Amino acid sequence: MGERANAKMVLVLTITAVLFACSSNNETTTETYKPLETLPTIVATEPIKPTEAESVKLVDRMYIVEKYSGVAPSKFGERMEGIISGFKPLGKQLALTLDACGGNYDKRITDYLEMKKIKATLFISGKWIDRHEKELRRLSESSLFQIENHGTTHRPLTSDGRSIYGITGTRDVGEAYDEVMVNSDRLQSVTGRSPKFFRSGTAFYDDVSISMLKDLGISAAGYTISGDGGATFSRLKIIGRLKGAKPGDIILMHMNHPESDTYEGLVGAVDELIDAGYEFITMSEALENK
């Protein structure tokens, strides 16, 4: 068997193992992290071009592992060069993003956004797809929603396994590749579209993983406003946080905690923002601004 055949076999076995681990752990893993509440804005000046995003399939796992072999990360966080945290607004524009980390589905949120014709970018994890593939397919058919990648197993994207909020990151670059690409392929199979953005579980990355995403033609998504504090904020705190948004902000909220106040807080703030002249756009639209 030639080297190329061996490489393909290794990739298939690796992906199979990752998917099995994701499925078997789905019911026991709970989300306990709370994102930082507010971050200053970093404006993306060089968004990934579609032609670059389409080249993702040309970069295979073996190339990534070999390229970063022996390379140690020097930075770790949710705030560094290469993470999109804000955009250049055209007028009073905001980007609403909703994470589906795993677990349940607060359908009230997407129903409300559809009723009000409000655009949002939905970051979907493999753990959430395990339970809600039918719902994902329907959401992907809406012109209001942009479906993007929240990781195969919802972990920090790291090259050395460091952890944050008690959640251990991917152990090496190979695992980081699988965290991105296994779920990317799965999202494409369900929605018919390859994701252009990736937000890691907890929104934390190291600089090696950010460089890897760039190799893959995928943009690392951050945020400027934690709208619901990991689905822990009260209704009033959510309303206050969202009403403090400024043009160019990326708002991070969650659509997988129907037991939380996220829905009530979102509804309580969005009508006032719209009355104040704000427009909600997708991440792709935000980065197309000149």
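For this structure, a couple of remarks:
- Between PRO258, VAL270, GLY248, the Cα set farthest toward the positive side of the dipole of segment 239-282 (charges on each charged residue's Cβ, about the Cα centre) is that of GLY248.
- Packing-based ranking of 194-201, 86-93 yields 194-201, 86-93, ordered from highest to lowest mean Cβ neighbour count within 10 Å.
- Loop-located chymotrypsin sites (Phe, Trp or Tyr not before Pro) across segment 88-178 with a Cβ neighbour count of 14 or fewer within 10 Å are TYR165, with loop assigned by DSSP.
- Förster-model FRET efficiency, 30 Å R0, GLU259 and ALA72, C-beta, rounded to 0.05: 0.15
- Cα-Cα separations in segment 223-290 greater than 20 Å, expressed as whole percent: 27
- Charges were assigned to the Cβ only: +1 to each Lys and Arg, -1 to each Asp and Glu. The resulting dipole of segment 131-290 about its Cα centre is roughly 60 debye.
- Residue separation of ARG193 and ASP275 scaled by 0.36 nm, minus their Cα-Cα distance, works out to 26.2 nm of gained length.
- Placing unit charges on the Cβ atoms only, positive for Lys and Arg and negative for Asp and Glu, gives segment 96-178 a dipole magnitude near 340 debye about its Cα centre.
- For a straight C-alpha distance cut-off of 20 angstrom, the aspartates and glutamates reachable from LYS75 (same-chain residues fewer than eight places away being disregarded) are ASP160, ASP172, GLU175, GLU179, ASP206, ASP207, ASP215.
- Checking the Cα-Cα distances for LYS107/LYS243; LYS127/LYS196; LYS134/LYS243; LYS134/LYS237; LYS127/LYS237; LYS88/LYS127 against a 31 Å cut-off, the pairs over it are LYS134/LYS243; LYS134/LYS237; LYS88/LYS127.
- Approximating the spin labels as points 7 Å out from Cα along Cα→Cβ, the ARG171-to-ASP130 distance works out to 1.8 nm.
- Each Lys and Arg Cβ is given +1 and each Asp and Glu Cβ -1; about its Cα centre, segment 156-229 then shows a dipole of about 280 debye.
Read-outs throughout are calculated quantities, based only on the coordinates presented, and are distinct from any laboratory measurement. Everything numeric here is computed off the predicted structure, so don't read it as measured data. Reconstructed Cβ throughout: ideal geometry from the backbone, glycine too, with neighbour counts over all protein chains shown.
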